[in-house]
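The values are calculated or read from the model by the stated rules, or taken from the named source; none is laboratory data. Note that this is a predicted model, so its numbers are computed, not measured. Note that we place each Cβ from the backbone using ideal geometry, even for glycine, and neighbour counts take in every protein chain shown.
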Amino acid sequence: MSAFASDQFWLTLPLTAAAIAFVSLTTFVISRIVDRHNVIDTAWGLMFVAVALVAFIASAGYGDDKRRWLLLLMPVLWGLRLTQYIGRRSLGKGEDPRYEALLRKAKGNPDLYALRMIYLLQAVLVFIISAPIQVGVFESGTVGVIGWTGVAVWLVGVVFEAVGDHQMESFRRDPAHKGKVIDSGLWRYTRHPNYFGDACVWWGIFLVAAERWPGVLTVFAPVVMTLLLTRGSGARILERQLSTREGWAEYAARTSGFFPLPRKLRERISS
């Protein structure tokens, strides 16, 4: 077996792209039925699940089986948890203010604008970010220290994201917290434990693929995801929305923006 099954890899790319497009376009149709574009947030994790499943099936008989299974299970477990969490959280809710603001910029048919700027754009991002999965499943050679380190990083990410989401959900359920800022649990060490966890998930998946050539070339994928979480549609926009809440300025001043840090260490770095 060659080190990398390049021929099968190139044949698989159209299949993974088609799987992403199918989930994205199906979600667009559903959005028109329920009259809300924020259903795409629920489908975000499902698009990665679709990539992982197609890549796993297409790579049978080519890549290292242990790495193939890791690159199937890691995104699928992450994606399904995220899907059920966002889906349950959005039940009975109206449109997301982000999409309302975006659609105000539409010229012409708003549905076509939304299809292009929300659904197809996110589909392209999924295709780019999932590169370590699409490449890694065709790599031979056993999983070693770097790969298992990636699994550990992924596990840290899943825990941070899941625990952070649970703590936020519990905080919001208390009517006394309405309009206030959570400052307990993981949220005491970072203003965005769920986003930090998300970044760790994709750096972990990258490390599993990066252990063998040419997986290391897919480093752009976790970089893009991290930039989206910190500078794109993630933390930057969310903090803009939270800036008017009671206690936000004080909370932001004493709490790390992304990477978890104890308060005292944060104060030393800032001083």
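Residues of segment 212-226 that are at pLDDT below 95 and surrounded by fewer than 24 Cβ atoms within 10 Å (Cβ to Cβ): 213 alone. Here residue 40 fulfils each of the conditions (1) surrounded by fewer than 20 Cβ atoms within 10 Å (Cβ to Cβ); (2) touching a residue at least 40 places away in the same chain (Cβ under 8 Å) apart from (1).
Okay, residues lined up against (1) under 25 Å from residue 61 (Cα atoms); (2) of a type in the set (Ser, Thr, Tyr); (3) at pLDDT below 95:
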residue: 118; (1), (2), (3): no, no, yes
residue: 126; (1), (2), (3): no, no, no
residue: 148; (1), (2), (3): yes, no, no
residue: 167; (1), (2), (3): no, no, no
residue: 173; (1), (2), (3): no, no, yes
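Which condition number does residue 176 fail, the rest of (1) more than 30 Å from residue 5 (Cα to Cα); (2) surrounded by 12 or more Cβ atoms within 10 Å (Cβ to Cβ); (3) among the small types (Gly, Ala, Ser) being met? Exception for residue 176: condition (2). Residue pairs whose Cβ atoms lie under 7 Å apart, separated by 6 or more positions or on different chains, with the first residue in segment 94-116 and in contact (Cβ under 8 Å) with a residue 12 or more places away in the chain and within 29 Å of residue 242 (Cβ to Cβ) and the second in a helix (DSSP H, G or I) and among the hydroxyl-bearing types (Ser, Thr, Tyr), are 103/113.
Of note, residue 78 does not satisfy the criterion of being within 21 Å of residue 192 (Cα to Cα), surrounded by 15 or more Cβ atoms within 10 Å (Cβ to Cβ) and not assigned by TED's automatic domain parsing to the domain that holds residue 43. Restricting attention to segment 239-253, the residues that are in a helix (DSSP H, G or I) and in contact (Cβ under 8 Å) with a residue 40 or more places away in the chain add up to 6. Kindly evaluate residue 32 against the criterion of being assigned by TED's automatic domain parsing to the domain that holds residue 100, in contact (Cβ under 8 Å) with a residue 60 or more places away in the chain and over 19 Å from residue 210 (Cα atoms). Judged against the criteria, residue 32 is a match.
Scanning segment 138-165 for residues that are free of Cβ contacts under 8 Å to residues at least 40 places away in the same chain and within 17 Å of the chain's Cα centre (by Cα) yields 159, 163, 164.
One residue stands out among those in segment 1-37 that are polar (S, T, N, Q) and farther than 24 Å from residue 102 by Cβ: the one that is surrounded by the fewest Cβ atoms within 10 Å (Cβ to Cβ), which is 2. Among the criteria (1) closer than 28 Å to residue 135 by Cα; (2) in contact with a helix residue (DSSP H, G or I) (Cβ under 6 Å, 6 or more places away or on another chain), the one residue 7 does not fulfil is (2). Of the set (1) within 25 Å of residue 49 (Cα to Cα); (2) in a helix (DSSP H, G or I); (3) within 16 Å of the chain's Cα centre (by Cα); (4) free of Cβ contacts under 8 Å to residues at least 60 places away in the same chain, all apply to residue 236 but (1). Inclusion of residue 89 among residues that are over 28 Å from residue 153 (Cα atoms) and surrounded by 14 or more Cβ atoms within 10 Å (Cβ to Cβ) is not warranted. When we screen 27, 83, 12, 42 for residues that are part of a helix (DSSP H, G or I), polar (S, T, N, Q) and more than 20 Å from the chain's Cα centre (by Cα), the only hit is 12.
Quick check on segment 72-101: of everything there that is at pLDDT 85 or above and of a type in the set (A, V, I, L, M), which residue is nearest to residue 38 (Cα to Cα)? If we take residues in segment 72-101 being at pLDDT 85 or above and of a type in the set (A, V, I, L, M), then 86 is nearest to residue 38 (Cα to Cα).
Criterion first (touching a Phe, Trp or Tyr at 6+ places or on another chain (Cβ under 6 Å) and modelled with pLDDT under 95) does residue 247 satisfy it? No.
Taking the criterion of being hydrophobic (A, V, I, L, M, F, W, C), over 16 Å from the mean Cα position of the chain (by Cα) and more than 30 Å from residue 6 (Cβ to Cβ), would at least one residue in segment 209-229 satisfy it? No - not one qualifying residue is present in segment 209-229.
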